[in-house]
Structures are given as structure tokens and as C-alpha cells.
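What follows is one structure encoded as C-alpha cells, with my remarks underneath.
The values are calculated or read from the model by the stated rules, or taken from the named source; none is laboratory data. Bear in mind the structure is a predicted one, so any value in this text is a computation, not a measurement. Ideal geometry is used to build each Cβ from the backbone, glycine not excepted, and the neighbour counts take in all protein chains shown.
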Amino acid sequence: MKKVVIEGMACSKCAEKIEKKISSLDGVEEVKVLLDKKEAYVSGEVSEEVLKSSIESEGYEVISIQEVEGVSHPEEKKGFFRRLLGKIEDSNKKSFGSGRMDCCNLGKKEKEKKK
């Protein structure tokens, strides 16, 4: 699997555009673009040169491409509402300091489930 770091993505439409472009390339099996990390993960038989030129033809800059193995994204495993609560909690911590959302402490709920 290749990890492609991309500069210039500003919104979900940018990520969709890149994902669609990469998906259309011969040899690509799967593509996942993570806007917040400015990364794309591509599996299949496609050269780095083809990846780079296709992304840059859409107006974005490829910073790096590297082979990676066993990539997993914890955020993908969480559901929509858990991600939303996490973002709200992070926002509140920045605005009000930690400890403001004790009722939504996801880590605490996960520990209780394991018991």
C-alpha cells in the first residue's frame, strides 16, 4: 500500500476529486483519502510517477509517496457520532480547558464496556 501526502486539499470536495481521479487509474484496487491528515492510501499495482502526475494534474501538490504496511486508522473504526463527540470534546478543551465534557468521556465508556 502506498501512502501519498498531498498538499492543497481544503474541503471534502477536494478529497472526493482526488479519490475519484486515483480510483480511475489502471491497477488501483482501493483508495482512501483522509482530508484531515492530507493523506491518501492506495492499494494495487500503480507506479508512483502515475500517481503523482494524476494528482498534480488536478491542481494539488504531492509532497511524498512511500510504501507502508499494516496501516489502520482508528478514526475509521469509530462511528459518525463517536467522531462527532470527539471533535466537540476537542473543541471544548481548546475553548474551555479539559474536564468540561465528563459525560461524554469516550475513553471511560470504553473501559466500562471491557469490564
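Residue by residue through the range 58-67, note down the ones that are outside any strand (DSSP E or B) and surrounded by 11 or more Cβ atoms within 10 Å (Cβ to Cβ).
Within the range 58-67, GLU58, TYR60 meet the criteria.
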Inset, instruction - Give the range 9-26 a look and list any residue that's within 15 Å of VAL50 (Cβ to Cβ) and in a loop (DSSP other than H, G, I, E, B), or say none. - result: SER24, LEU25, ASP26
Legend entry - VAL33, sole failed condition from (1) over 21 Å from ARG83 (Cβ atoms); (2) in contact with an Asp or Glu (Cβ under 6 Å, 6 or more places away or on another chain): (1)
Legend entry - Test: ILE55 is modelled with pLDDT of 90 or more, surrounded by 11 or more Cβ atoms within 10 Å (Cβ to Cβ) and not acidic (Asp, Glu): yes
Inset, instruction - Kindly indicate whether SER43 is of a type in the set (S, T, N, Q), part of a strand (DSSP E or B) and surrounded by fewer than 18 Cβ atoms within 10 Å (Cβ to Cβ). - result: yes
